[in-house]
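Here is the structure we will look at, set down as structure tokens.
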Amino acid sequence: SCGAFANRYSKVSPQTGQWGCVFCLEDNPGSRDYASEAAVQSSLELAEAAVDWLPPVVLADQHFGETSAPPTPPVLYAIDESLDEGETKSLRAALLSAIRDLPSDTPVGLISYGSSVSVYDLSQLGVATADVLAGTKSPCSQTLKPLLYGSGAYLAPKHVCLPVLEM
């Protein structure tokens, strides 16, 4: 009900196809995709830590014959804050170089972790803001709700976030 997808941390009932959300802790209605033990075991989203998913794309417009390319998948960078100053400077240079090489419409996100976890909103020109979670314990669902439903844009197009990161 919160908009999250089933993942390898979700509790799935092969008898009913229901799955429990790890974010809002609500049970979701049964799905034929998870209605047997074999279906659960063959679902990549329940077995793998990361799964690339692209929405279905209309390859041709019946009226105009135009084609549309699939959307560019987002790139999310996770940065360990325990690096020393020299490593941080090298990482920054490598990160900026990697982002510059991405296609212009690529959504980019940034998370840093150390004594806390910071999830950055890079959509505001000239300023980077972050939602910060304590790094000493796992957040509860109430703590995660502002990240899921808040006003932060945690993925921003490359052309918007690159000037922010270059500051």
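The values are calculated or read from the model by the stated rules, or taken from the named source; none is laboratory data. Since this is a predicted model, take the numbers as computed values, not measurements. All Cβ positions, glycine included, derive from the backbone under ideal geometry; neighbour counts span all protein chains shown. These area figures cover heavy atoms from the full protein model, side chains too; ligands, DNA and RNA do not enter into them. Shrake-Rupley method; radii C 1.70, N 1.55, O 1.52, S 1.80 Å.
Miscellaneous remarks
- When ASP27 is tested against (1) farther than 26 Å from VAL75 by Cα; (2) buried (at least 16 other Cβ atoms within 10 Å of the Cβ); (3) out of contact with any helix residue (DSSP H, G or I) (no Cβ under 8 Å at 6 or more places or on another chain), exactly one condition is not met: (2).
Each row is one residue, and each column tells you yes or no for (1) more than 22 Å from ASP80 (Cβ to Cβ); (2) within 16 Å of the chain's Cα centre (by Cα); (3) among the basic types (Lys, Arg).
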| residue | (1), (2), (3) |
| --- | --- |
| ALA94 | no, no, no |
| ALA98 | no, no, no |
| PRO103 | yes, no, no |
| SER118 | no, yes, no |
| ASP121 | no, yes, no |
| GLN124 | yes, no, no |
| LEU144 | no, yes, no |
| VAL164 | no, no, no |
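- Qualifying residue in region 105-122 (condition: open to solvent by 60 Å² or more (accessible area, probe 1.4 Å), assigned to a strand (DSSP E or B), farther than 21 Å from THR72 by Cβ and at pLDDT 85 or above): yes
- Of all residues in region 144-167, those satisfying the criterion of being open to solvent by less than 60 Å² (accessible area, probe 1.4 Å) and modelled with pLDDT under 80 are LEU144, LEU147, GLY150, GLY152, ALA153.
- Taking region 131-167 as the range and being part of a helix (DSSP H, G or I) and more than 16 Å from PRO103 (Cα to Cα) as the test, the residues that pass are SER141, GLN142, THR143, LEU144, LYS145, PRO146, LEU147, LEU148, TYR149, VAL164, LEU165.
- Subset of region 75-97 that is touching a residue at least 12 places away in the same chain (Cβ under 8 Å) and open to solvent by less than 80 Å² (accessible area, probe 1.4 Å) - its residue that is farthest from ALA134 (Cα to Cα): LEU96
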